[in-house]
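Structure first, commentary second.
The values are calculated or read from the model by the stated rules, or taken from the named source; none is laboratory data. None of the values given here were measured: they were computed from a predicted structure. So basically every Cβ, Gly included, is an ideal-geometry build from the backbone, and we count neighbours across all protein chains shown. Note: accessible area is taken over every heavy atom of the protein model, side chains too, but ligands, DNA and RNA are not part of it. Shrake-Rupley method; radii C 1.70, N 1.55, O 1.52, S 1.80 Å.
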There are 6 protein chains.
Amino acid sequence: MSQKITIGKLALLIASLSDEELQAFRSTLDDVAFCQGKVGSMNLQKVISAVETAAKRNRIIHDSLYRETHALYHAILEGIDGVTRGHPSIGEMSRTVGLRFSIVRGRPYKDPDEGEWIAVAFYGTIGAPVKGAEHETFGLGINHI
Amino acid sequence: MSQKITIGKLALLIASLSDEELQAFRSTLDDVAFCQGKVGSMNLQKVISAVETAAKRNRIIHDSLYRETHALYHAILEGIDGVTRGHPSIGEMSRTVGLRFSIVRGRPYKDPDEGEWIAVAFYGTIGAPVKGAEHETFGLGINHI
Amino acid sequence: MSQKITIGKLALLIASLSDEELQAFRSTLDDVAFCQGKVGSMNLQKVISAVETAAKRNRIIHDSLYRETHALYHAILEGIDGVTRGHPSIGEMSRTVGLRFSIVRGRPYKDPDEGEWIAVAFYGTIGAPVKGAEHETFGLGINHI
Amino acid sequence: MSQKITIGKLALLIASLSDEELQAFRSTLDDVAFCQGKVGSMNLQKVISAVETAAKRNRIIHDSLYRETHALYHAILEGIDGVTRGHPSIGEMSRTVGLRFSIVRGRPYKDPDEGEWIAVAFYGTIGAPVKGAEHETFGLGINHI
Amino acid sequence: MSQKITIGKLALLIASLSDEELQAFRSTLDDVAFCQGKVGSMNLQKVISAVETAAKRNRIIHDSLYRETHALYHAILEGIDGVTRGHPSIGEMSRTVGLRFSIVRGRPYKDPDEGEWIAVAFYGTIGAPVKGAEHETFGLGINHI
Amino acid sequence: MSQKITIGKLALLIASLSDEELQAFRSTLDDVAFCQGKVGSMNLQKVISAVETAAKRNRIIHDSLYRETHALYHAILEGIDGVTRGHPSIGEMSRTVGLRFSIVRGRPYKDPDEGEWIAVAFYGTIGAPVKGAEHETFGLGINHI
């Protein structure tokens, strides 16, 4: 891989590891901006909003630039493609999600002209709206920003 | 989470961590059957075959039972939904993948009647068929078996 | 076909034939568990719930096992792919469905190790939310259980 | 249902019943034009061509009118959506189909101004390119013509 | 192109040009029936209804014939595939649209037996439900009628 | 619209208008970089390559920056979603395309920090691989670059 920083791998580790497990990877997080959050919903719009809000509140993206919102939005949707595997809907398909998510922004490539990229990862459960009737799910989206 | 073993998380760690990084998680792998492999291709059929072959060669699934092939196949396709984000094709869409994959089989739930489940994870790169013109990608599929 | 019982064909006949027409096939139903029901809605979630409820009430699947719920859910979604042809949504796409459905559980394969499988079939109409502005639709999903 | 002739149901019966089983429905076929055929392939293009060729050879559609080819083509694709459940590809997704198909053309509605419609049904198996590693599949498409 | 009238191109021009810009193309509109409208919504159902209502009110399609409603509906959905690029939903995916649309009905082919066809075009913006956070979008659907 | 330059509309006009018709819009092209091309194929990969090659040869994107290739690639795919309406494949679905395409790069927004964006438009025909058995198709994709 011609990448010096694997923002996707960092995003998936932040989303899926416990704080303790993540310790071993702490030093690799120094070169990126990142944040994490949680969202549980049958409403896809709320999942998207939770990530967008976290990104803006933690200043991972520039609040008033559509350009950055656009880059993040498509990274979120690609992550949701992985979470929903096939059709990006949740409640309409009679299922619910409980997700931890992470957003990582950094410069993955050696060539500085490749600029900044953003990764969004989700890890948690998807299943019937009944406690315990669920399995794990994961999604990762990456975009230039 | 009502699961005692997170086979999805184990699959994603096996697919994405280096051998050294994976050491910290070794003990949690004792309760599952797993294998890993690599595949690089513009041909989706080869990616699917690589996982199926690895699963059979490592006796993760029973070679002659269609039931198990069927469970694995759908887990692979769900993982590929995450890798390809939107449309499960590679070469036809003028892109190529270089992937590590893992297959984990185990009993994630406390209730023994929930039986065995299988997780398939992919981690690697997707991009133009030009060296370096690629970014990370990840996919996870889970099914009862 | 290496199958001794075609659960998919039985499901489609139960969903689409009248009671009278179905008489000729009655004897073939002795070796499977099955039930049928009706649902009309612009809400996909209600269609899914109607099938899940019928399956549980008629003890086609084991109520408290997520494993069985999971198998049924994916069979339902595959049936809905046939009904909706392209995008699994109804009301959001300004259309409504009036469906009869059937669920068939049995052992289709000669080899007893292939175990039980489940088929879900839908037959009815899809169209504009205006009386008569509709055509027939059909869907079949099959999964191991 | 405000339809006097259910061309979709007729198509599904022709595609899935044996000649003997179909006898009971023979009289209902008098009011429609129909044909049937078989195709086994890992190549989706061959499946589409087999139906188009049968339709033209049996004069179900007018050979030189694009209008009729267009109506048939979309009915075929909708039937394939049911067969493939999610993504209309076969070999690329490492699976193969063995299908019987039927094409029915008629006037389903009481109002003569509703004109002619066409139904395409597929019934058979889909699975791994290994004998016996397959399950049933069905698809139905309907269009005005 | 074997078409004498490009109803698709006319539809896209009516949807995207200003009245002044459209002047140069006025004469080519003499041979078709057409109308235009506007719709802004996070609700896909409202977008579909706006086009259907305009088509009926302007007598582009015959109000009480399902055949014509069916032809228009599929042309609308194909136009929406272009607008939404990937998944035909708006609000559920946390985005909103502001669209001008046009409907053109005519005889595009030299051969009179090819009959009438209908084109639906959308042009406008899609984006976050925040003023200015949006980019252009376009969609075109065509069907025989 | 808060945009000063509608790069999407310019792209659709370049792709669909004749040279003569485009004259009236010439002055609006002064503020953007653009190119156009043609491609006819049953192979989606060739369509994608034709646009990528034209973009690089005409220096619309920077040849050696993956960042720009990535932005263009996703704009192309979104345009192809419009062209193929539903499933981005051509030959596999037994159809062929004959397309003119355009690529427009510019600064659509008043705020200079919104930077450059790229639009890709396709206009032409899609249909059976038989002369004349085709109708018009259009697609537009837009991305930040």
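Between copies, how close do the F:LYS46 label points come, placed 7 Å along Cα→Cβ, listed in nm from shortest?
Ordered by distance, the counterparts are at 2.2, 2.2, 4.5, 5.0, 5.0 nm.
Can you list, shortest first in nanometers, how far E:GLN23 lies from the same residue in the other copies, with each label 7 Å from Cα toward Cβ?
Spacings between copies for this position, smallest first, are 1.5, 7.6, 7.6, 7.7, 7.9 nm.
Distances from D:LYS131 to the same residue in each other copy, label points 7 Å out along Cα→Cβ, in nm, shortest first?
For D:LYS131, the inter-copy label distances come out at 4.7, 4.7, 5.2, 5.7, 7.2 nm.
Pull out a ≥ b ≥ c, the square roots of the eigenvalues of the alpha-carbon gyration tensor of region B:84-143, then state rounded if a/c is under 1.5, prolate if not and a/b is larger than b/c, and oblate in the remaining case. Show your work: numbers first, answer last.
Values: a/c = 4.46, a/b = 2.90, b/c = 1.53.
Prolate, since a/c reaches 1.5 and a/b exceeds b/c.
Read phi for every residue in region C:28-33 and hand back ³J(HN,Hα) as whole Hz from Karplus 6.51 cos²θ - 1.76 cosθ + 1.60, θ = phi - 60°, with x for Gly and Pro.
Coupling constants for region C:28-33: 6, 8, 5, 9, 10, 9 Hz.
What is the spread of the Cα atoms of region B:32-88 along each of their three principal axes, largest first, in whole Å?
Principal axes ranked by extent give 30, 21, 21 Å for the Cα atoms.
Take the Cα pairs of region E:1-61, get the Kirkwood Rh, then feed it into Stokes-Einstein at 37 °C and 0.692 mPa s and tell me D in µm²/s. Don't skip to the end; give the middle numbers.
On the way: Rh = 13.1 Å.
The calculation lands on 251 µm²/s.
Given 10 °C and 1.306 mPa s, how large is the Stokes-Einstein diffusion coefficient of region B:45-130 in µm²/s, with Rh as the Kirkwood radius over Cα pairs? List each step's numbers first, then the result.
Numbers: Rh = 14.0 Å.
My calculation gives 113 µm²/s for D.
For the charge dipole of region B:82-145, defined by +1 on Lys and Arg C-beta atoms and -1 on Asp and Glu C-beta atoms about the Cα centroid, which residue among B:GLY91, B:ALA121, B:GLY141 has the Cα displaced farthest towards the positive pole?
Toward the positive end, the furthest listed residue is B:GLY91.
Can you give the local net charge around F:GLN3? Use residues other than it whose beta-carbon is closer than 10 angstrom to its beta-carbon, Lys and Arg +1, Asp and Glu -1. Kindly include the intermediate steps, with their values, before the conclusion.
Details: positive: F:LYS4, F:LYS9, F:ARG107, F:LYS110; negative: E:GLU134, E:GLU136, F:GLU114.
Local net charge: +1.
Within 13 Å, Cβ to Cβ, of D:THR125, how many net charges do the neighbouring residues add up to if Lys/Arg are +1 and Asp/Glu are -1?
Values: positive: C:LYS9, D:LYS38, D:ARG95, D:ARG100, D:LYS131; negative: D:GLU134, D:GLU136.
Residues near D:THR125 contribute +3 overall.
With +1 on the Cβ of every Lys and Arg and -1 on the Cβ of every Asp and Glu, and nothing else charged, how large is the dipole of chain F about its Cα centre, in debye rounded to the nearest 20? Write out the running numbers ahead of the final one.
Numbers: 16 positive and 17 negative charges, 54 e Å.
For chain F, the charge dipole is close to 260 debye.
Tell me which aspartates and glutamates have Cα within less than 13 Å of E:LYS38's Cα, excluding those fewer than 8 residues away on the same chain?
Straight-line reach from E:LYS38, under 13 Å: E:GLU52.
Whole-Hz ³J(HN,Hα) for each residue in region F:57-66, computed from phi via Karplus 6.51 cos²θ - 1.76 cosθ + 1.60 with θ = phi - 60°, x for glycine and proline: what do you get?
Taking θ as phi minus 60°, the curve returns 4, 8, 6, 6, 10, 7, 3, 9, 9, 5 Hz for region F:57-66.
If all Cα-Cα distances of chain D are sorted into 5 Å bins from 0 onward, what percent lands in each bin, rounded to whole numbers?
Percent of pairs per bin, in order: 2, 11, 20, 23, 19, 14, 8, 3, 1, 0.
Ordering A:GLU21, B:GLU78 by how much accessible area each has at a 1.4 Å probe, largest first, what is the list?
Working: A:GLU21 60, B:GLU78 25 Å².
Listed by decreasing accessible area, they come as A:GLU21, B:GLU78.
Which peptide among E:69-76, F:103-110 comes first, and what is the full order, when sorted by highest mean count of other Cβ atoms within 10 Å? If you can, show how the numbers build up before the last one.
Numbers: E:69-76: 24.4, F:103-110: 22.5.
Top of the packing list down: E:69-76, F:103-110.
Taking θ as phi - 60°, what are the ³J(HN,Hα) couplings along region E:115-130 by the Karplus curve (6.51, -1.76, 1.60), each to the nearest whole Hz, with x for Gly and Pro?
x, 8, 10, 10, 10, 10, 10, 10, 9, x, 10, 9, x, 5, x, 9
Among residues other than E:ILE61 whose Cβ falls under 14 Å from its Cβ, what is the net charge (Lys/Arg +1, Asp/Glu -1)? Display every interim value, and only then the final one.
Values: positive: E:LYS56, E:ARG57, E:ARG59, E:ARG67, E:ARG105; negative: D:ASP113, D:GLU114, E:GLU52, E:ASP63, E:GLU68, E:GLU116.
Charge balance in the 14 Å sphere: -1.
Diagonalise the Cα gyration tensor of the protein assembly as shown and give the resulting equivalent ellipsoid semi-axes, square root of 5 times each eigenvalue, largest first, whole Å.
Values: eigenvalues 296, 295, 101 Å².
After scaling each eigenvalue by five and taking roots: 38, 38, 22 Å.
Roughly how big is the protein assembly as shown's charge dipole about its Cα centre, with Cβ charges of +1 (Lys, Arg) and -1 (Asp, Glu), in debye to the nearest 20? Write down the numbers at each step before the final one.
Values: 96 positive and 102 negative charges, 0 e Å.
So the dipole magnitude of the protein assembly as shown works out to roughly 0 debye.
Once amide H atoms are placed 1.01 Å from N in the peptide plane, what residues at a sequence separation of 5 or more from A:GLU116, or on another chain, have their amide H within under 5 Å of its amide H?
A:ILE145
Rounded to whole angstrom, how close does the nearest chain B beta-carbon get to the axis mapping B onto E, and which residue is it?
B:GLY86, 3
Given the -39500 (n - 2.57) contribution per DSSP H run of 4+ residues, what per-residue ellipticity at 222 nm results for the protein assembly as shown, rounded to the nearest 500 deg cm²/dmol? Let's see the in-between values first.
Values: 24 runs with 282 residues, N = 870.
That calculation yields -10000 deg cm²/dmol at 222 nm.
How many angstrom lie between the C-alpha centres of region B:71-104 and region E:74-145?
Between the Cα centre of region B:71-104 and that of region E:74-145, the gap is 30 Å.
Given contacts defined as C-alpha pairs under 8 Å and at least six residues apart, what's the relative contact order of chain B, whole-number percent?
On the way: 301 pairs, mean separation 47.1, N = 145.
Rounded, it is 32 percent for chain B.
With a cut-off of 8 Å between alpha carbons and a minimum separation of six or more residues, what is the relative contact order of region F:14-62 in percent? Mind dumping the intermediate values first?
On the way: 21 pairs, mean separation 15.0, N = 49.
After rounding, I find 31 percent.
Please compute the average number of Cβ atoms from other chains found within 10 Å of each residue's Cβ in peptide B:50-62. Intermediate values should be presented prior to the final figure.
Values: counts 0, 1, 3, 0, 0, 0, 0, 0, 0, 0, 0, 0, 1.
Mean inter-chain Cβ contacts per residue within 10 Å come to 0.
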